[in-house]
Amino acid sequence: MTEQEAITNEEPEELRIGAFICECGVNIAGAVDCYAVADYISTLPNVVTSVAVCFTCSDAGQAEIKNAIKDLNLNRVLVASCTPKTHEPIFRACVEEAGLNQYLFEFVNIREHCSWIHMWEKEDATRKAKELVRMGVARAALLEPLESSEVPVTNKALVIGAGVTGMQAAMDIGDMGFQVYLVEQGPSIGGKMAQLDKTFPTNDCSICILGPKMVEVARNENIEIMSYSEVEEVDGYVGNFKVKVKHKPRYLNIDECTGCGLCTEKCPVEVPYTEFNEGIGTRKAIYTPFPQAVPLRALVDKSICIDCGACIKACERGAIDMDQQETFSELDVGVIIVTAGYDVYDPEPNHDFGFGLYDNVITTMEFERLINASGPTMGKVVRPSDVQPPKRIGFVQCVGSRDTNSNIYCSSFCCMASLKNAQLLKEKYPETEVYIMYMDMRTPFRMYEEFYNRARDMGIRFIRGRPAEVTENEDHNIIARIEDTLTNEIVNLELDLMVLSVGAVASESTETVRQILKVSKAADGFMMEAHPKLKPVDTTLDGIFIGGMTQGPKDIPYSISQGSACAARATRFLAQGKALTEGITAKVDEDICVGCGVCVPMCPFQALSVEDDKLKIITALCKGCGTCMAACPTGALNQSHFKNEQLLAQVKNVFAYGEV
C-alpha cells in the first residue's frame, strides 16, 4: 500500500467541538441571551459542549476552556465574544497551552457584529447570535491544523529619521548592544527641535537639551549616522530586510572637513535661509546647517553656486570636491523604525488670515527663529515690514487644524507652543500687549494647566474666537475682526504683529517612505499603527515600527516616549534572533497556475512574484489577506484557514435550520 493510499483509507477524525459563549458583562449579555445561544448550539452536530461564560478572556474563562479541552477531548474550539483583532491571539495561545493546534480555533464576533448594533432588540440580537455561531460551528468542523514557521533575524536595526524620536530609538537600541543605522535626509541630525528657542512646560533651552543628546548619538559606537541620505528601496521581510540608501553629495570630503567655516566666510553668494531660519536672514552657497549641527560639516548648494572657486582656495585641508556624485549603500537589517517627522502647515496657498498678503503675519516657526538668541536677529523680535519691535502681538490658534477646510484633527502641541512664546515675549518685553485668539485651549498633560494659568497671571489676554476678517492699515498694522464667543462682542484688534499657530501635516518625505515600505496610511495622512491602544507603535507589517510625528501630531515628551517604545518592540526580534511567521498564508496549486502574474500587483505586502512562469510566495511576507485569491483568474490560489469549502460551509448554514 502506498503512502497516499494509507492516507486515503485512514479513519476520519471524530469531530468534538466545544463552544464557549461570552457574556462580557453587559457588553454582550445586555442584548444577547447567551444561555439561549449556548443551549441552541449544543443541539448542533459534532458539538460536545456549549456553555455561556461570564468573561472568556479572564483567567477563569481561559481555565474553563483549557479544562474542557482536556476533560472532553475536544479537537475544535469555538469562542463567541468580541473582536478577533484584539482577542484572537489570547484564545489561540489558550488552546495551544491545552495541547490543541492553535489553528483549530474558530472565533465568532457577537459584540461588534451583534450586541452593539442591536442593543435594543434583544430577541432579534439573540436570533442573529445563534445564526452567527452556527455558521462558526460549520466552519470549525472543516478547520485544519497549520504550523507557524521561524525565520532568522539579522541583529541590526535601521532607523529612518534622526529627529528627537529617531535619536532616542537609536540610542536605546545601541545601548542594548545592537548595531543601528540612523538615516537622516537632512545634513544634520536633530530635527525641528533644533529650531526651537525653548521647550514647554519648563521653558528649558531647546538646544541645551538636544545638543548633548545629538553628541551622545554620534559617540555611540553602535550607531552609524548616515546624514544627508535617503532610503531608496526596501525588500524582504522581518528579520531579513535589504535596504538601499542614497547618499546625496555634499561636494566635500566629510572626513577632511573640520567645520571651521572659512569656506563660508569667503563665499560671495547669499540667499534667504529657508531650511533652518524659515527665510529670515541669509546663508551662503556653502554653509553649515547650524552651530550645533551633528555632523558639524559644510555642504554646497549647487543650485546657487557660481563655481567661483573661493571656497576651494579657502579650505586648507582640500576637503571640497565639486565633482562629488551621489553614492549608494546596501544594508541588511532585521527591523526598521520609521521616525521621519512632519511638516508644518503652510498657510500661504489659501492666504489664511492674510499670510502671504501682509508682511506682518508670520507663522509659529518664523517666530521661533526670531525669538531664539542664536537666530538671525539674535533673539530680537521685530516686524518684517520695518524691522521695528512690535508693541501689540496676537497669536491665532488652530491654523491648519480643527478646520474642515484644511485638517480636522487637533495638532496637540500648538496651544502650548503659543503659551510658551507668549510667556517668553512677556519676560523679554514686559510692556508688550500679548493676545491669544483661540477656539479651545487644550492643556491636557502634566504641568500644562499650570503653564496656562501662569500665562494668564502674566497678563496675557485670551479672546475666545478666531479672526473672521484680517486686513492691513496704512501703517502695515494688522486689523483682526473677532467675535468673542464668551462675551458675544465683536472685537476689532489692531496688532503690530500676528503669529499663526500652524499645526502639523504629514511630510512628503514621510509619504515617500510609507510607499516604499507599504505601510498603511490613516485618513489624516500620517502612518497608521496596528492598533491605537494595544499596538500604538507597531504596523501591520512585522518588524516595521513607527513613532513620533510620523504616527501623528504630538509633543516632545510623547515623541521621546514613542522612540523608546519603538526600540523596545524592535529589540524583541533582535534579542531572540528569530521571528515567528503566521501559519495563515496563500497557497498555490502549481498544476492550475499559468503564471499570468495578475495576482502580483494586487498583493499589498509584496509577497508574490513570478519566476520562470511559476508563482513564488514569500510566506514570511504573506499576511493571509486573501486579495490574491480573489484576483486569480484560474482559481489556482487558495487561502489556508479560509478555504473555499470552509467559507461555503458558513454561507450554507446561514439559513440551514430555518427558525432558531
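A few comments on the model shown:
- Close pairs from segment 205-218: first outside the structural domain of ALA293 (by TED's automatic domain parsing) and within 23 Å of GLY379 (Cα to Cα), partner among the β-branched types (Val, Ile, Thr) and in a helix (DSSP H, G or I), Cβ under 8 Å, at least 6 apart: LEU210/VAL164
- Remark: CYS263 falls outside the filter, which requires a residue to be in contact with a Lys or Arg (Cβ under 6 Å, 6 or more places away or on another chain) and either part of a strand (DSSP E or B) or buried (at least 16 other Cβ atoms within 10 Å of the Cβ) (or both).
- Segment 366-416, residues that are in contact with a strand residue (DSSP E or B) (Cβ under 6 Å, 6 or more places away or on another chain) and part of a loop (DSSP other than H, G, I, E, B): ARG383, PRO390, GLY400, SER411
- Just one residue in the set SER559, SER520, SER501 is on the phi < 0 side of the Ramachandran plot, modelled with pLDDT of 95 or more and under 12 Å from the mean Cα position of the chain (by Cα); that residue is SER559.
- With respect to the conditions (1) in contact with an Asp or Glu (Cβ under 9 Å, 6 or more places away or on another chain); (2) farther than 23 Å from ALA468 by Cα; (3) surrounded by 24 or more Cβ atoms within 10 Å (Cβ to Cβ), CYS415 lacks only one, and its number is (2).
- MET441 vs. criteria closer than 23 Å to SER385 by Cβ, free of Cβ contacts under 8 Å to residues at least 60 places away in the same chain and either assigned to a strand (DSSP E or B) or not aromatic (Phe, Trp, Tyr) (or both): no
- Selected residue [part of a helix (DSSP H, G or I), assigned by TED's automatic domain parsing to the domain that holds VAL133 and on the phi < 0 side of the Ramachandran plot] from ILE69, ILE21: ILE69
- Residue match in segment 208-228 (condition: surrounded by 23 or more Cβ atoms within 10 Å (Cβ to Cβ), among the small types (Gly, Ala, Ser) and modelled with pLDDT of 95 or more): yes
- Flag not set for CYS593, criterion: surrounded by 17 or more Cβ atoms within 10 Å (Cβ to Cβ), free of Cβ contacts under 8 Å to residues at least 24 places away in the same chain and not in a helix (DSSP H, G or I).
- Segment 198-226: number of residues that are in a strand (DSSP E or B) and more than 23 Å from PHE178 (Cα to Cα): 4
- Per this entry, GLU582 is not counted among residues that are touching a residue at least 24 places away in the same chain (Cβ under 8 Å), within 15 Å of ALA636 (Cβ to Cβ) and among the acidic types (Asp, Glu).
- Some residue of segment 325-341 being over 25 Å from ILE223 (Cα atoms) and either surrounded by 15 or more Cβ atoms within 10 Å (Cβ to Cβ) or within 32 Å of the chain's Cα centre (by Cα) (or both): no
- Of the residues examined, ILE362 is not one that is buried (at least 20 other Cβ atoms within 10 Å of the Cβ), in contact with a Phe, Trp or Tyr (Cβ under 9 Å, 6 or more places away or on another chain) and assigned by TED's automatic domain parsing to the domain that holds LEU574.
- Residue in segment 615-633 that is over 26 Å from the mean Cα position of the chain (by Cα), part of a helix (DSSP H, G or I) and surrounded by fewer than 18 Cβ atoms within 10 Å (Cβ to Cβ) present: yes
- Restricting GLY394, GLY400 to those that are in contact with a Phe, Trp or Tyr (Cβ under 6 Å, 6 or more places away or on another chain) and under 18 Å from GLY459 (Cα atoms) reduces the list to GLY394.
- In segment 341-365, the residues that are in a helix (DSSP H, G or I) and modelled with pLDDT of 95 or more reach residues that are acidic (Asp, Glu) and surrounded by 15 or more Cβ atoms within 10 Å (Cβ to Cβ) with C-beta atoms within less than 8 angstrom, at least six apart or across chains, in these pairs: GLY354/GLU472; MET365/GLU278.
- Contact map, segment 260-289: first residue closer than 16 Å to ASN372 by Cα, second residue in a strand (DSSP E or B) and of a type in the set (Val, Ile, Thr), Cβ cut-off under 7 Å, separation 6 or more or different chains; pairs are TYR273/THR282; THR282/VAL271.
- Options VAL159, VAL133; residue that is within 30 Å of VAL333 (Cα to Cα), at pLDDT 95 or above and either more than 33 Å from the chain's Cα centre (by Cα) or outside any helix (DSSP H, G or I) (or both): VAL159
- Selection status of GLU144, acidic (Asp, Glu), out of contact with any strand residue (DSSP E or B) (no Cβ under 9 Å at 6 or more places or on another chain) and assigned to a loop (DSSP other than H, G, I, E, B): yes
The values are calculated or read from the model by the stated rules, or taken from the named source; none is laboratory data. Computed from a predicted model, the values in this text were never measured in an experiment. Cβ atoms come from the backbone with ideal geometry, glycine included; neighbour counts cover every protein chain shown.
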